[in-house]
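Okay, structure first, notes after.
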Amino acid sequence: MGSYERVPFQPIGTGPYRYSHRSVGENVVLLKNPRYWNGAPKVEKVVFKVVPQPLWRILQMKNGTGDASIIRSAREWEELTVFPDLQVDTFPIFGTWGIVFNLKKPLWQKLESRRAMAYLFDKPNMVKEAFRDLAKPATSPVVDYHWAYCRTLKDYPFDPSKSKELFQRGGGRFPSDLTLLVPQGQIGLETLANRLARTAKGIGLRINVKVLPTTELQRVMKKGEYDLSFIGWVSGGDPHLFLAPWLPLFDGRDPLLETILTKAAATVAPSERAALYCQVQERLLTQLWMISLFHPRVAVVHRRDVKGLGFSPLYSLVLNRIIKETYR
C-alpha cells in the first residue's frame with residue numbers, strides 16, 4: 001500500500017471537534033464543531049504536537065509552550081508533578097503492554113526458552129522503577145478489575161538461575177546475543193528494557209536494546225530482524241477484544257487456544273463464558289506465546305487553567321468538556 005504519508009487523510013466524525021489540517025510528523029489541528037449535539041466546545045482550536053523526545057515534552061510543559069501532555073514514565077512524573085503550575089490526573093484504561101517473541105526463530109519455538117525469558121522479569125520492582133504508580137504488573141492481557149480476569153493465575157517468579165538452566169536445557173546452545181525492540185519516545189519502556197538487559201547480563205546473556213520510531217519498528221518486525229519486541233494494546237470492554245488481537249502474533253501455533261477462544265466468544269451464559277476465558281488466560285501463561293508485563297494508567301499533566309480533559313477506558317481522549325480559563 002505504500003507509506004501512510006501517501007494515504008489521503010480526511011477523517012470525519014460527529015464529535016466535538018472537526019479535523020482541520022496536519023503537518024506530517026509535526027502536528028494535527030482540530031477546530032470546534034459548532035453543530036456538536038451536546039453543545040459547541042468552549043475552546044476554539046486544539047493542536048496535537050508531535051514531540052517524540054521525552055525531554056522536549058518535559059521542557060515544553062515547564063516553559064508553557066504546551067497545555068497538556070501524557071506522562072509515560074517515572075522520570076516524567078518526577079519532573080512534572082513537583083512543578084507548581086501543573087496538575088496531573090490519572091485514568092484507568094483497558095490496556096496491556098507485553099513482550100512478544102519472533103516465533104520464526106528456532107530458539108523461541110521451544111517452550112523452555114520462552115519460559116526462560118519469563119524468569120528474568122522482576123515485574124513488581126521493574127514496573128515500579130519504570131512507571132511508579134502509572135502501571136501495575138500483569139499476568140494476563142485482561143486487566144485484573146475486569147469480570148473475565150482469571151484470578152487463579154500464578155505468575156513466574158523472578159529467578160535468573162532458573163532462566164539460565166532452562167535456556168541451556170531448551171536451546172542446547174546458550175543464546176549469547178538477543179535484540180529487543182523498543183518504541184521511541186517511551187522512557188518507561190526504555191527503563192524496563194535496560195533493567196532487563198542488566199539482569200540478563202548476570203547470566204551471560206547479552207540483550208541489545210534497539211529504540212526505533214514506531215513505523216520503523218513495525219518494518220523491522222515484519223522483516224523478522226529481531227528476537228523480542230515490546231507491544232502494547234488497548235482493548236474494548238469485551239474480553240474477546242483483550243485476547244483475540246494477540247493471536248496473529250502466535251502464527252497459528254496453538255489451535256487449542258484458538259478453539260477455546262472461539263467457543264468463549266459464542267457462549268452466552270456469563271459464568272460459562274468467564275470459565276472459558278480463564279482457560280484461555282491459563283494457556284497463555286503456560287505456553288507463553290507472549291509475556292504480559294503491565295497494565296498502564298493514563299496520566300495527563302496539564303496547566304492548571306486547563307479543565308475537563310480526560311480519557312475513557314478505551315484510551316479515547318475526552319475533549320467535549322475541556323475549557324481553558326482564558327476562553328471563559
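The values are calculated or read from the model by the stated rules, or taken from the named source; none is laboratory data. Just so you know, these numbers come straight off a predicted model, no measurement behind them. All Cβ positions, glycine included, derive from the backbone under ideal geometry; neighbour counts span all protein chains shown.
Below are the figures for this structure:
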item	result
Wholly within segment 160-251, helices (runs of 4 or more DSSP H) carrying at least 1 residues that are more than 23 Å from Phe94 (Cα to Cα)	160-171, 187-201, 214-223
Subset of segment 199-239 that is surrounded by fewer than 15 Cβ atoms within 10 Å (Cβ to Cβ) and of a type in the set (Gly, Ala, Ser) - its residue that is farthest from Pro106 (Cα to Cα)	Gly237
Residue match in segment 189-197 (condition: over 22 Å from the mean Cα position of the chain (by Cα) and either at pLDDT 90 or above or buried (at least 21 other Cβ atoms within 10 Å of the Cβ) (or both))	no
Test for Ser316: is it in the same structural domain as Val47 (by TED's automatic domain parsing), within 23 Å of the chain's Cα centre (by Cα) and either under 30 Å from Arg132 (Cα atoms) or in contact (Cβ under 8 Å) with a residue 12 or more places away in the chain (or both)	yes
Conditions (1) assigned to a helix (DSSP H, G or I); (2) surrounded by 16 or more Cβ atoms within 10 Å (Cβ to Cβ): number failed by Pro296	(1)
Any hit, segment 44-53, residues being assigned to a strand (DSSP E or B), outside the structural domain of Met221 (by TED's automatic domain parsing) and among the aliphatic types (A, V, I, L, M)	yes
So Ile99, is it out of contact with any Leu (no Cβ under 6 Å at 6 or more places or on another chain) and hydrophobic (A, V, I, L, M, F, W, C)	no
Output for segment 128-167, where each listed residue is among the β-branched types (Val, Ile, Thr) and buried (at least 18 other Cβ atoms within 10 Å of the Cβ)	Thr139, Val142, Val143
Filter result (among the polar types (S, T, N, Q) and either part of a helix (DSSP H, G or I) or farther than 21 Å from Glu112 by Cα (or both)) within segment 140-159	Thr152
Residues located in segment 126-146, provided they are touching a residue at least 60 places away in the same chain (Cβ under 8 Å) and more than 17 Å from Ile93 (Cα to Cα)	Met126, Glu129, Ala130
From Ser229, Ser235, residue being small (Gly, Ala, Ser) and modelled with pLDDT of 95 or more	Ser229
Selection count where residues are surrounded by fewer than 17 Cβ atoms within 10 Å (Cβ to Cβ), in contact (Cβ under 8 Å) with a residue 24 or more places away in the chain and under 30 Å from Val298 (Cα atoms), scope segment 242-265	1
Every residue from segment 121-139 that is touching a strand residue (DSSP E or B) at 6+ places or on another chain (Cβ under 9 Å), in a loop (DSSP other than H, G, I, E, B), modelled with pLDDT of 95 or more and not aromatic (Phe, Trp, Tyr)	Ala138, Thr139
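For (1) more than 16 Å from Arg297 (Cα to Cα); (2) without any contact (Cβ under 8 Å) to a residue 40 or more places away in the chain; (3) assigned by TED's automatic domain parsing to the domain that holds Asp155; (4) surrounded by fewer than 18 Cβ atoms within 10 Å (Cβ to Cβ), each residue gets a yes or a no:
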position: Trp56; (1), (2), (3), (4): yes, yes, no, yes
position: Thr65; (1), (2), (3), (4): yes, yes, no, yes
position: Asp85; (1), (2), (3), (4): yes, no, no, yes
position: Val100; (1), (2), (3), (4): yes, no, yes, no
position: Pro106; (1), (2), (3), (4): yes, yes, yes, yes
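One line per residue, one yes/no per condition, for (1) at pLDDT below 90; (2) not polar (S, T, N, Q):
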position	(1), (2)
Arg18	no, yes
Asn38	yes, no
Glu44	no, yes
Asn63	no, no
Ile93	yes, yes
Leu111	no, yes
Ala116	no, yes
